[in-house]
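Only one structure is covered here, and it is reproduced in the block below.
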Amino acid sequence: MSSSVTTPVEAGPTTIAVVVPRKRRFSGGYDPSDTRRTNWWATALIAVCSLTVLIPLYLAVAVALKTPAQLAGGTGFELPWPINWENFAVAWERTSFPQALMNTAIITVGSVVLTLLTSSLVAYALARNLHRPFFKGVFYYLLAALFIPFPIIMLPLVKQTSLLGLDNPAGMIVLYTIYGLSLNIFIYTAFIRSIPIELEEAARMDGASTWRVFRQIVFPLLMPMNATVGILTCVWAWNDFIMPLVVLTSPSDRTLSLAQYVFQGQYNTDYTVAFASYLMAMAPLLIVYIFSQRWVISGVMRGSIK
């Protein structure tokens, strides 16, 4: 139960009684308002969920460092000994790793840059004009694209890219930008509408054009969202398999995900070399995410709060 204490306070010739509430006492010393306490149930749940990531990651590393004989003689979870580093050399050669890595990097970087420029511009135009029926209709039309599965439009896409000459890395950059437009606009629009319109009005009173307002005022404020959209686009373009498979026609343009397909045979699969190539392809993206995760989390938190 809570109680209060009356404390006299002198204010000149008058004495004022101030009621100071006492802190509530709970049985067992438990205070739900104390945020410093550890929620052990949540901690245990997070630990169990983390095993769904750590166990497959350990299995991938263990298999990549084994020989085929070691893998066939156990369950796959045994520690590799002796360690077989030759799998990485074989994977490097069989996948033409430098060329595939360069193709993937060009497509990913180009997609991220073009996505940030186009999605933020379109979202800004929509967010500041949602009170108009036409812009509201365009906004909902773009959101409706989120519910269209890619396999439905896959065959028409192959035909169109072939006719337009987009069956190459440049075409992949355009496709990733277009197909990511719906989700990115949804993310950007909510954040842009939280930016005070008075900032833009003050700039226009000083003679700034709409393009200058966006470039010097709005776009710098979008950095948390830019980090979030950039990482989502980067992960998607780097790991995607279906779109490069149906769009790219030249073997010299194949990405890492397509290059790793050489380990899948009709009657057998070279798991040790395949897992080594998976780790090699995962390493660059993992390094990028480690150094940029705080911006991604900051962007998600700011977007949810605003």
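The values are calculated or read from the model by the stated rules, or taken from the named source; none is laboratory data. Nothing here was measured: the structure is a model prediction, and the numbers come from that model. Don't worry about glycine lacking a Cβ; one is built from the backbone with ideal geometry, like all the others, and counts go over all protein chains shown. Each accessible area value is taken on the protein alone, full model and side chains, heavy atoms only, with ligands, DNA and RNA left out. Shrake-Rupley method; radii C 1.70, N 1.55, O 1.52, S 1.80 Å.
Laid out as a table, the results:
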quantity	calculated
Where a residue in segment 67-78 is free of Cβ contacts under 8 Å to residues at least 40 places away in the same chain and its partner, wherever it lies, is open to solvent by 80 Å² or more (accessible area, probe 1.4 Å) and assigned to a helix (DSSP H, G or I), with Cβ under 8 Å and at least six apart	F77/Y58
Qualifying residue in segment 284-305 (condition: open to solvent by 80 Å² or more (accessible area, probe 1.4 Å), at pLDDT below 85 and touching a Pro at 6+ places or on another chain (Cβ under 6 Å))	yes
The one condition in (1) under 30 Å from E86 (Cα atoms); (2) over 19 Å from the mean Cα position of the chain (by Cα); (3) surrounded by fewer than 16 Cβ atoms within 10 Å (Cβ to Cβ) that I242 fails to fulfil	(2)
Residues of segment 71-91 satisfying the condition of being among the aromatic types (F, W, Y) and surrounded by fewer than 15 Cβ atoms within 10 Å (Cβ to Cβ)	F77, W81, W85
Selected residue (criterion: farthest from W211 (Cα to Cα)) from residues of segment 141-153 that are surrounded by 10 or more Cβ atoms within 10 Å (Cβ to Cβ) and more than 22 Å from the chain's Cα centre (by Cα)	I153
Conditions (1) without any contact (Cβ under 8 Å) to a residue 24 or more places away in the chain; (2) open to solvent by 60 Å² or more (accessible area, probe 1.4 Å); number of the one not met by G137	(2)
Residue match in segment 224-233 (condition: out of contact with any helix residue (DSSP H, G or I) (no Cβ under 7 Å at 6 or more places or on another chain) and in a helix (DSSP H, G or I))	yes
Segment 19-58 - residue that is at pLDDT 85 or above and open to solvent by less than 80 Å² (accessible area, probe 1.4 Å) and, of those, farthest from A276 (Cα to Cα)	A42
Given (1) assigned to a helix (DSSP H, G or I); (2) of a type in the set (D, E, K, R); (3) buried (at least 16 other Cβ atoms within 10 Å of the Cβ), number of the condition D167 does not satisfy	(1)
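Residues checked against (1) assigned to a helix (DSSP H, G or I); (2) open to solvent by less than 90 Å² (accessible area, probe 1.4 Å):
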site: I173; (1), (2): yes, yes
site: T177; (1), (2): yes, yes
site: F186; (1), (2): yes, no
site: E198; (1), (2): yes, no
site: G207; (1), (2): no, yes
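Table: residues versus (1) at pLDDT below 85; (2) farther than 21 Å from A170 by Cβ; (3) open to solvent by less than 30 Å² (accessible area, probe 1.4 Å).
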{"position": "V213", "(1), (2), (3)": "no, yes, yes"}
{"position": "L222", "(1), (2), (3)": "no, yes, yes"}
{"position": "Y261", "(1), (2), (3)": "yes, yes, no"}
{"position": "M282", "(1), (2), (3)": "no, yes, no"}
